[in-house]
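K.L.:
My questions all concern the structure below.
All of the numbers you see were taken from the coordinates with simple rules; none came from a lab. Owing to the predicted nature of the structure, the values given are computational and were not obtained by experimental measurement. All Cβ positions, even for glycine, are placed from backbone atoms using ideal geometry, and neighbour counts span all protein chains on display.
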Amino acid sequence: MSMEDLYQEIILDHYRKPKNRAPELADEAVHVHHSNPLCGDEMDLRIRVVDDRLDAVVFDGEGCSISQASASAMTQAAVGRELKDALDLAEDFRRMMHGDDPARPDDLGDGIAFTGVAKFPVRVKCALLGWMALRDAIQTFERGASAHTVTHEE
Ligand code: ZN
């Protein structure tokens, strides 16, 4: 099996059996809603924070397989991390989506499977949706707010 096929399998697996997909989260600190009108992807992301760490990260949404699978992989990679560390990891994923080699490939977990998406500019926003929602949720938390809605245009 080629690397590309393996990555495709990982993406499909997250799409069919998403991890940390839930419409609610007990004791949530922040709930953000992000949308990608170019593709029609919608994403709700909720985080629970304990001692400056992501105690839980859940998403819910609808849209293309890339957006939903990427969010699923993101939750697995992010949960348990300190907020600052998770922000750094989100930035690493963002750089990878813009064609750079990731600095933390192991920490990205299944997120690494989306590396090939960088070759398809129209899908990059789909793959980024969950990660950018995570970044926004953490920054919203750090500002002391609890909810936020963002529409990714341009
Ligand atoms: Zn999409």
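K.L.:
Given charges of +1 on the Cβ of Lys and Arg and -1 on the Cβ of Asp and Glu, with all other atoms neutral, how large is the dipole of the range 3-146 about its Cα centre, in debye to the nearest 20? Present the calculation step by step, with values, prior to reporting the outcome.
P.N.:
Values: 17 positive and 27 negative charges, 59 e Å.
The dipole of the range 3-146 has a size of about 280 debye.
K.L.:
If R0 is 22 Å, what FRET efficiency do you get for Lys17 and Asp106 from their C-beta distance, rounded to 0.05?
P.N.:
Working: r = 22 Å, r/R0 = 1.02.
It comes to 0.50.
K.L.:
Can I ask one more? Could you list the residues of the range 20-41 with an amide nitrogen less than 20 Å from a label point located 7 Å from the Cα of Glu62 in the Cα-to-C-beta direction?
P.N.:
Residues 20-25, 32-41 fall inside that zone.
K.L.:
Which is farthest toward the positive dipole end of the chain among Leu108, Pro23, Ser146, measuring Cα position about the Cα centre, with Cβ charges +1 (Lys, Arg) and -1 (Asp, Glu)?
P.N.:
Pro23
K.L.:
From the convex hull of the Cα coordinates of the chain, what is the mean projected area in square nanometres?
P.N.:
On the way: hull surface 33.6 nm².
Mean orientational projected area (the chain, Cα hull): 8.4 nm².
K.L.:
Membrane-span-like helices in the chain: DSSP H runs reaching 27 Å or more (Cα, own axis), mean Kyte hydropathy at least 0.0?
P.N.:
Answer set is 121-142.
K.L.:
Would you please state which residues of the range 27-60 a label at Asp88 would reach in this model, taking the label point 7 Å out along Cα→Cβ and a backbone N cut-off of under 15 Å?
P.N.:
53-54
K.L.:
Run the helix sum for the chain: -39,500 (n - 2.57) per DSSP H stretch of 4+ residues, divided by residue count, reported at 222 nm to the nearest 500 deg cm²/dmol. Each step should come with its number before you reach the end.
P.N.:
Details: 4 runs with 65 residues, N = 154.
Calculated mean residue ellipticity at 222 nm is -14000 deg cm²/dmol.
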